[in-house]
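Just below is one structure, and these are the notes that go with it.
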Amino acid sequence: MKELIPKDEYGVFADAHDTARVDSRFVADAFEKRHDHVLRDIAKITDPKSGLSEEFRRRNFAQSAYKDASGRKNTCYLMTRDGFTMLVMGYTGAKAMRFKELYIKRFNEMEQFIKTLVSARQEFPLLTENIKLLHENPKPYHFSNECDMLNRIVLGMTAKQFRLANGIEKGKSIRPYLTKEQIDMLETLQKVDVGLLVAFPDYEERKRHLEWYKAKMEEGK
């Protein structure tokens, strides 16, 4: 399964459909269980006679494969939050409870990351693709900081502030509410910023260059 955001140290990642998932191998390690026993538990849950619907199984348990140290191909499962919850609800003990809490926290963090990335991708598609190329393990702030900077330069406020000021629903794209001039300027600065990200790693330095570029463009009108 293609990963939009790579696995963290606990095997939580985002798939290409913007869904947070966890690799069954990592769950086995965290809960100190043999992976074949975890696969056995998943097989019981997803068995047609278990009572679980086919829709739930298909949506939350994606069968995948990996190669072990000897190069042999083995089965694993990539589970959503709901699939993970269904699997571990029967795991008991203090240590199991701690790991259940940890994984819930990790899922929350990954889902927030996905929301940040989806929002950034809607507004600045070219920029977000290049940020992912520049950072091996990009963090939410790599996207939000850059998008906020461009919005502040052009709109005088972040997208969140713009939504509040204009009564726009949380999470909704602000693009339909901008003027053509604002959109054109944002798209131009986005292209410039792609190059600046490589040349100037420092945020403030990029900001100064972009502000200068915007001023020069407005002078030429």
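Quick notes on this structure:
- Contacts under 6 angstrom Cβ, first residue in the stretch 40-64 being not assigned by TED's automatic domain parsing to the domain that holds Phe84 and modelled with pLDDT under 95, partner hydrophobic (A, V, I, L, M, F, W, C) and surrounded by 10 or more Cβ atoms within 10 Å (Cβ to Cβ), 6 or more apart: none
- Yes/no for Phe107 being under 21 Å from the mean Cα position of the chain (by Cα), in the same structural domain as Ala14 (by TED's automatic domain parsing) and modelled with pLDDT of 90 or more: yes
- Test: residue in the stretch 157-177 that is part of a loop (DSSP other than H, G, I, E, B), assigned by TED's automatic domain parsing to the domain that holds Glu211 and within 26 Å of Asp202 (Cα to Cα): yes
- Test: residue in the stretch 148-162 that is exposed (fewer than 13 other Cβ atoms within 10 Å of the Cβ), of a type outside the set (Asp, Glu), at pLDDT 85 or above and out of contact with any helix residue (DSSP H, G or I) (no Cβ under 6 Å at 6 or more places or on another chain): yes
- Residues (without any contact (Cβ under 8 Å) to a residue 12 or more places away in the chain and under 29 Å from the mean Cα position of the chain (by Cα)) located in the stretch 198-220: Ala199, Phe200, Pro201, Asp202, Glu204, Glu205, Arg208
- The condition (being in a helix (DSSP H, G or I) and outside the structural domain of Pro176 (by TED's automatic domain parsing)) is satisfied by just one residue among Thr128, Thr116, Thr92: Thr116.
- Count of the stretch 1-32 residues, restricted to those that are among the basic types (Lys, Arg) and modelled with pLDDT of 95 or more, is 2.
- Qualifying residue in the stretch 180-199 (condition: assigned by TED's automatic domain parsing to the domain that holds Met149, not in a helix (DSSP H, G or I) and not small (Gly, Ala, Ser)): no
- Residue pairs whose Cβ atoms lie under 9 Å apart, separated by 6 or more positions or on different chains, with the first residue in the stretch 19-39 and over 18 Å from Glu9 (Cα atoms) and the second β-branched (Val, Ile, Thr) and at pLDDT 95 or above, are Val38/Val27; Leu39/Thr75.
- Selection of the stretch 74-89 for residues being touching a residue at least 12 places away in the same chain (Cβ under 8 Å) and in a helix (DSSP H, G or I) yields Arg81, Asp82, Gly83, Phe84, Met86, Leu87, Val88.
- Inclusion of Pro125 among residues that are over 26 Å from Pro176 (Cα atoms), at pLDDT below 90 and not β-branched (Val, Ile, Thr) is not warranted.
- Residues that are at pLDDT below 95 and within 20 Å of the chain's Cα centre (by Cα), drawn from the stretch 71-100: none
The values are calculated or read from the model by the stated rules, or taken from the named source; none is laboratory data. Values in this document were obtained by computation on a predicted structure and should not be read as measured data. We place every Cβ from the backbone using ideal geometry, glycine too, and count neighbours over all the protein chains shown.
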